[in-house]
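Trainee: One structure, pasted below without further comment.
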Amino acid sequence: MTIGGIIVERGRTSRGTRADATRGWRLTSAHTTATVTGVLLLATAVLAGRPDLALIGIPGLLAATWAATTRPTTPLHATLRQPPGPTTPGELAATLHLTPGPTPHDTTDIAHLRITATGHRPTHLALAARPPGGLADDGARHVPLRLSSVRTGPQDTFTVDVRGSRQHTWEEEPTTVGGARRLVVPGSAPLGRLPLPSRLRGLTGPHSSRRLGDGSELRDIHPFTPGDRLRRIDWRTTARRSPDLDTLYVRRTYATAEATAVLVVDSRDDVGPDLRTWRGYGTLRVDEPTSLDLARHAAASVAQALVDAGDRVGLEDLARRRRPLPPAAGRRHLRRVVHGLALAHPTGRAAGHRVRPPQVPADAVVYLFTTLLDDAPLHLVRTWHATGHPVVVVDTLPDVHPVTENHLRIAWRITRLERTDRVAALEGEGVPVVRWAGSERDRAAARFEALARAARRHVPGRQQ
C-alpha cells in the first residue's frame, strides 16, 4: 500500500464515509504533565527558598493555563472516497480527504491515522492537517491510498481510524471512516483457439459448418437446381463440362455459423494454497490467488477468447440457485459475464447435491472450472458427456504449500490421491483436463490449442 508516496505493506479500502462532527475534545497527558510539573516546582521553590525553581515552573503553568483556555471548536472532518464502479485486480485506490476547518486557531493541526485491512498489517501515520502552502481548492488535504492485492470478487478495502490533535494538549475522540467493499473484476490472459462443439448453430458466424449455405469454403461443384443463386454459377466449369450450355454448374459452399459455449463455475468452495485455512480459520493471503480467483481468471480468459472469435458465451454458477446468464455475443455481454464471475462466491451454506446438472443449450461446449475436491463434478461431466456435449474441465486448485503438521500432511496425501483418480477417470472417458495454476497456467494456451486442433482434425467442413 502507498500513502502519499510512502510505501506501506498492508491496508483496507472503503467508500466515502464522513466522520462524526459532534465528537468532543479532551486534554492530553502532556497538559497534565506540564501542570503537575509546574505546581511541584513552585511548591519546591517556596519550601526551599529557591526562586530559580519558580522561574522554571511558572512558564510551564502559564503554557498549560493558556492551552486549557484555548479549546478547539472545529473538529477534523475525514472522508474516504474511491473511484466508482468495479476495479481490476492488482491495485485498489482511494483518497482520504481531511478538512481541519476554516481557520487554524480553533481546529486541529496534527492528524493521526491508523489504516487497516484484512490480510494486511496496520499502518500508523501522523501528518499535518494543513498541507504546506494552504488547503486545496475544496478546503481539504488529499491523502492518496494504494492497496496491492491479487484477489478478485467482493473485497474489503481501507478502514481508517482518524484522531486530530492540537498543540499536543488537546485531542479528539477517534472516529472511523470506510468499511465498504469493492467489487474487483477478474482480468484475462490471451488465448488462441479453443475447443468447439462438433455441430454449430446459427445462420452466420466465424466458423464453417457442415451444412450448405453462404460461406467462403468450397464444398463441391453441382448442377444448377431451383433455389441456387445466379451469382454462384461457375462459368468456367459450365463451359468445360457443358459446351452447349445445356446444364449450368454452381459452386456450393459450406454455411458459416457460430459456436455456443457455457462457462460453469464451481464456486461452492474457495481454498487457498495454505492447508491451514481450508477449515475456515485464519486469513487468506492477499498476494496468493485462491481457487475461486483462478477460476474467475480462467473463465474470463476463455470468455474473452470466445467473444473475440464471434462466438456466444453463457455463464452458470453451481453454488447459487438462480437463473443462469444465457449465451450471447458482443462486448456488452462480455462485461456482463465478467461481472457475474466477480460476483461468484461461496454462499456460506451447503449447496446440497444437485439432482440435475445445469441445463445447457443443444450443441454447446461446456467449460467446467472446478477444484475436483469431490465427486460432484464427475457426475455433472458424465451427464453432459452422455448427452453429446463436449466438456473441457479446467482444474483451478492452487499449488498447495508443504505443511509440517502430520495430520494435515496425511489428509492432503489422501485428498491428492483422490483428485488424481478423478483426473485419470475423466481423461480415460475422453474428457480433457487443463491445469490452471502455478506454472501450468502459462502452458494453458498451448494445451487449448492442441485440443482445438485434435477436435477439428477429422471433422468435414471445418477449417484446419
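Trainee: In the list 349, 320, which residue meets the criterion of being under 30 Å from residue 418 (Cβ atoms), surrounded by 13 or more Cβ atoms within 10 Å (Cβ to Cβ) and either modelled with pLDDT under 80 or out of contact with any Leu (no Cβ under 8 Å at 6 or more places or on another chain) (or both)?
Mentor: 320
Trainee: Another question about this same structure. So which strands (runs of 3 or more DSSP E) stay within the stretch 90-157 end to end and still have 2 or more residues that are under 18 Å from residue 170 (Cβ atoms) and either modelled with pLDDT of 80 or more or open to solvent by 60 Å² or more (accessible area, probe 1.4 Å) (or both)?
Mentor: Output list reads 90-99, 110-116, 123-128.
Trainee: Might you let me know whether the stretch 61-74 holds any residue that is in a helix (DSSP H, G or I), of a type outside the set (A, V, I, L, M, F, W, C) and out of contact with any Ser or Thr (no Cβ under 6 Å at 6 or more places or on another chain)?
Mentor: Yes; the residues of the stretch 61-74 include at least one that is in a helix (DSSP H, G or I), of a type outside the set (A, V, I, L, M, F, W, C) and out of contact with any Ser or Thr (no Cβ under 6 Å at 6 or more places or on another chain).
Trainee: Now a separate question. Search the stretch 420-446 for residues that are over 21 Å from residue 292 (Cβ atoms) and pair each with any residue that is open to solvent by less than 70 Å² (accessible area, probe 1.4 Å) and in a loop (DSSP other than H, G, I, E, B) when their beta-carbon atoms are under 7 Å apart and the residues are at least 6 apart or on different chains.
Mentor: From the stretch 420-446, the pairs are 445/191; 445/192.
Trainee: What are the pairs with Cβ atoms under 6 angstrom where one residue, in the stretch 33-52, is free of Cβ contacts under 8 Å to residues at least 60 places away in the same chain and assigned to a helix (DSSP H, G or I) and the other, located anywhere, is open to solvent by 70 Å² or more (accessible area, probe 1.4 Å) and of a type in the set (Val, Ile, Thr)? Sequence gap at least six, or different chains.
Mentor: Close Cβ pairs (under 6 Å, with a partner that is open to solvent by 70 Å² or more (accessible area, probe 1.4 Å) and of a type in the set (Val, Ile, Thr)) amount to 41/56.
Trainee: Can you tell me which residue among 74, 69, 88 is of a type in the set (Val, Ile, Thr) and closer than 30 Å to residue 341 by Cα?
Mentor: Result of the check over 74, 69, 88: 88.
Trainee: If residue 304 satisfies all but one of (1) without any contact (Cβ under 8 Å) to a residue 40 or more places away in the chain; (2) open to solvent by 30 Å² or more (accessible area, probe 1.4 Å); (3) assigned to a helix (DSSP H, G or I), what's the number of the condition it fails?
Mentor: (1)
Trainee: Scan the stretch 283-298 and tell me whether some residue there is assigned to a strand (DSSP E or B) and acidic (Asp, Glu).
Mentor: No: the stretch 283-298 contains no residue that is assigned to a strand (DSSP E or B) and acidic (Asp, Glu).
Trainee: Among the residues of the stretch 375-418 satisfying the criterion of being of a type in the set (Asp, Glu) and surrounded by fewer than 16 Cβ atoms within 10 Å (Cβ to Cβ), which is farthest from the chain's Cα centre (by Cα)?
Mentor: Within the stretch 375-418, the match that is farthest from the chain's Cα centre (by Cα) is 405.
Trainee: Need the failing condition index for residue 297 against (1) in contact with a Gly (Cβ under 9 Å, 6 or more places away or on another chain); (2) buried (at least 19 other Cβ atoms within 10 Å of the Cβ); (3) modelled with pLDDT under 90, just the number.
Mentor: (3)
Trainee: Mind listing whichever residues of the stretch 430-446 are within 14 Å of residue 192 (Cα to Cα) and open to solvent by less than 40 Å² (accessible area, probe 1.4 Å)?
Mentor: 444, 445, listed by residue number.
Trainee: Take the stretch 248-297 and flag every residue that is of a type in the set (Lys, Arg) and within 30 Å of residue 197 (Cα to Cα).
Mentor: Result: 251, 252, 268, 296.
Trainee: Modelled with pLDDT of 70 or more, aromatic (Phe, Trp, Tyr) and open to solvent by 40 Å² or more (accessible area, probe 1.4 Å) - does that describe any residue in the stretch 62-74?
Mentor: Yes, some residue in the stretch 62-74 is modelled with pLDDT of 70 or more, aromatic (Phe, Trp, Tyr) and open to solvent by 40 Å² or more (accessible area, probe 1.4 Å).
Trainee: Filtering the stretch 163-200 down to residues that are in contact with a strand residue (DSSP E or B) (Cβ under 6 Å, 6 or more places away or on another chain) and modelled with pLDDT under 75, which residue is nearest to residue 70 (Cα to Cα)?
Mentor: The residue in question is 179.
Trainee: For the subset of the stretch 243-264 comprising residues that are outside any strand (DSSP E or B) and open to solvent by 10 Å² or more (accessible area, probe 1.4 Å), which member is modelled with the highest pLDDT?
Mentor: The extreme case among them is 248.
The values are calculated or read from the model by the stated rules, or taken from the named source; none is laboratory data. Source: prediction; values computed, not measured. Cβ coordinates were reconstructed from backbone atoms using ideal geometry, including for glycine residues, and neighbour counts include every protein chain displayed. For the accessible areas, the whole protein counts, side chains as well, though only heavy atoms, and no ligand, DNA or RNA atoms are used. Shrake-Rupley method; radii C 1.70, N 1.55, O 1.52, S 1.80 Å.
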